[in-house]
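**Student:** Have a look at this one before I ask anything.
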Amino acid sequence: MTPTDGPLHVAIIMDGNGRWAKQRGLPRTFGHREGVKALKRTVEAASGLGVDTLTVFGFSTENWRRPMAEVSELMSLLKAYVESDLERLVREGVKVRVIGRRTGLKPDILAVIDRAEARTAHNTRFLLQVAFNYGGRADITDAARRFAEDVEQGRARAADLDEAMFEQRLSTADTPAPDLIVRTSGERRLSNFLLWECAYAELVFQDVYWPDYGPDHLRAAIAEFRARERRYGGAASDDVLAAG
Ligand code: IPE
Ligand code: IPE
Ligand code: MG
């Protein structure tokens, strides 16, 4: 099987804001602010590069371990991003969906999330999924709890559970799995991002801190993806041809 030629779902672990700032002798929060600019550039460029769904990791369920001031900065940046860009996203046909746990988020953040989702609910040109207070394990656990509740209430039978049924209870239900997962900053791990959905994603690691990211980096990641062969457990396509 060859890489998908159709529109792509790209998921990005936007990492390295803190190191970018440290390198410049600036507080980490400066890195996060520059990171928002990189996000804007990347969202703008994505559809021109053949992407129709972009999922970005904005705040993980583990990021609460950071100093309180940094956590509040990350929360206010989500708010600021929505406040400054929502009308443009609406005009450009971008549907915004925020995935992750709502519990633990303050009412003002929840209101911003609800507004972004409601204002863009009818858009279909491009999907921007923001993983915020998201963790792959938390999402799988929440899906398992929902299924167990359905069994308790007599809406489902344990014996009928299959992958498709389980998937419908994840926060990414309705969205095809990512084709490509990109992580910036040089770290080579998933850090609890899209654990179920990553099963057959191609992984690309780029040695650039997120605040320096832009269209050229995304183009390079997609080019690397296009050169890969996706097999989904099957045989390599030239072996299949050789075998007749
Ligand atoms: C990514 O940059 C942003 C978030 C995790 C929200 P980091 O803040 O993790 O930056 P580094 O990894 O410390 O450089
Ligand atoms: C993952 O990056 C979370 C986000 C990019 C939002 P981290 O910087 O939190 O991950 P670790 O701590 O390096 O694994
Ligand atoms: Mg990091």
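The values are calculated or read from the model by the stated rules, or taken from the named source; none is laboratory data. Model, not experiment: these values are computed from the prediction. Neighbour counts are summed over all protein chains in view; Cβ atoms, including those assigned to glycine, are modelled from backbone coordinates with ideal geometry.
**Student:** Quick check on my filter: what residues within the stretch 221-243 are in a helix (DSSP H, G or I), farther than 16 Å from residue 5 by Cα and either of a type in the set (A, V, I, L, M, F, W, C) or modelled with pLDDT of 95 or more (or both)?
**Tutor:** 240, 241, 242, 243
**Student:** Write out, first by first residue and then by second, each pair whose Cβ atoms fall under 8 Å of each other, whose residues are 6+ apart or on separate chains, and whose first residue, in the stretch 8-20, is free of Cβ contacts under 8 Å to residues at least 60 places away in the same chain while the second is more than 8 Å from ligand 3 (Cβ to nearest atom) and part of a strand (DSSP E or B).
**Tutor:** Once the first residue is free of Cβ contacts under 8 Å to residues at least 60 places away in the same chain and sits in the stretch 8-20, no partner that is more than 8 Å from ligand 3 (Cβ to nearest atom) and part of a strand (DSSP E or B) comes close enough.
**Student:** Right, next: Of everything in the stretch 100-110, what is within 21 Å of residue 39 (Cα to Cα), of a type outside the set (Val, Ile, Thr) and either part of a strand (DSSP E or B) or without any contact (Cβ under 8 Å) to a residue 60 or more places away in the chain (or both)? Give them in sequence order.
**Tutor:** Matches in the stretch 100-110: 110 only.
**Student:** On to the next question. Being in contact with a His (Cβ under 7 Å, 6 or more places away or on another chain) and either in contact (Cβ under 8 Å) with a residue 24 or more places away in the chain or surrounded by fewer than 17 Cβ atoms within 10 Å (Cβ to Cβ) (or both) is the requirement here; does residue 179 meet it?
**Tutor:** Values: in contact with a His (Cβ under 7 Å, 6 or more places away or on another chain): yes; either in contact (Cβ under 8 Å) with a residue 24 or more places away in the chain or surrounded by fewer than 17 Cβ atoms within 10 Å (Cβ to Cβ) (or both): yes.
The answer is yes for residue 179.
**Student:** Which of (1) away from ligand 2 (no atom under 16 Å from the Cβ); (2) over 19 Å from residue 55 (Cβ atoms); (3) not β-branched (Val, Ile, Thr) is the odd one out, the single condition residue 207 does not satisfy?
**Tutor:** Evaluating residue 207 over (1) away from ligand 2 (no atom under 16 Å from the Cβ); (2) over 19 Å from residue 55 (Cβ atoms); (3) not β-branched (Val, Ile, Thr) leaves (1) as the failure.
**Student:** Within the stretch 65-90, work out how many residues are of a type in the set (Val, Ile, Thr) and closer than 19 Å to residue 54 by Cα.
**Tutor:** 2
**Student:** Taking into account only those residues within the stretch 161-181 that are closer than 16 Å to residue 134 by Cβ and aliphatic (A, V, I, L, M), which is nearest to the chain's Cα centre (by Cα)?
**Tutor:** 181
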